[in-house]
Amino acid sequence: MELLLIRHAEPVKVVDATGPADPDLCDRGVRQSTLLAEFLSHEGIDAIYSSPMRRAIQTAAPLGEITSLAPAVVEGLAEFDRQATTYIPIEELRRTRDERFLAMLEDDYSSWGIDMGEFRSRVVEAFEAIIDAHAGDRVAAFCHGGVINAYVGHILGLSRSSFFAPDYTSVSRIAASRSGVRSVLRLNEVGHLRGHSLLESTV
């Protein structure tokens, strides 16, 4: 089967919420998710899964409408920052050289209070369950940069929690055989965003 790992579209910034930040998509993010749905509409998607977080659910919605497939929410696809009361896009953290971003470069996620080994195990378990349920299918899973890094890093045998920065609505493709072999086909497809001034690198 082919598993499409899709990072959510661009969300709004949330600072000091009374509970988990869990942001909605911004206007640019809505446009990104629409273009992604159009891009994937002819790929023969058999099932759609989503993280329980709003930015992933809202990114999955346009593809669900086009394909008439209801996205199934999987708790194991939630990002490591799920309980944080502030959400600042990683791109802003990088631009401002925020101390949390600098710590991540050192593979230090202690400011989120998360055991990244446990996080990776949870992500791997969630994706493997999806794979087991969809032999021979093509499945789209809407999730997060940390989740994508965790599963791809697991496949590649990498020890770091993060080794690349997926773009908004990027598609990374995994081939999963019945024998248990997992192969990375492509990382970070963003052709659907080019020419629309919607890539982070263009703004």
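Values for this structure:
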| read-out | value |
| --- | --- |
| Residue that is surrounded by the most Cβ atoms within 10 Å (Cβ to Cβ), among those in the range 131-147 that are part of a helix (DSSP H, G or I) and touching a Ser or Thr at 6+ places or on another chain (Cβ under 8 Å) | Val147 |
| Candidate set from the range 1-31 (those that are more than 14 Å from the chain's Cα centre (by Cα) and part of a strand (DSSP E or B)); member that is surrounded by the most Cβ atoms within 10 Å (Cβ to Cβ) | Glu2 |
| Selection from the range 35-57 of residues that are within 12 Å of Glu10 (Cα to Cα) and surrounded by fewer than 21 Cβ atoms within 10 Å (Cβ to Cβ) | Arg54 |
| Out of Glu92, Glu118, Glu99, sole residue that is at negative phi, surrounded by fewer than 16 Cβ atoms within 10 Å (Cβ to Cβ) and touching a residue at least 40 places away in the same chain (Cβ under 8 Å) | Glu92 |
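Listed here are the residues, each with its yes/no results for (1) closer than 21 Å to Glu200 by Cβ; (2) among the hydrophobic types (A, V, I, L, M, F, W, C); (3) touching a Gly at 6+ places or on another chain (Cβ under 6 Å).
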| site | (1), (2), (3) |
| --- | --- |
| Ala61 | no, yes, no |
| Glu92 | yes, no, no |
| Asp107 | no, no, no |
| Gly136 | no, no, no |
| Gly146 | yes, no, no |
| Tyr151 | no, no, no |
| Gly157 | no, no, no |
| Arg160 | no, no, no |
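Computed from the coordinates by the stated procedures, all read-outs in this text should not be read as laboratory data. This is a predicted model, so every value here is computed, not measured. Every residue, glycine among them, receives a Cβ derived from its backbone with ideal geometry; neighbour counts consider all protein chains shown.
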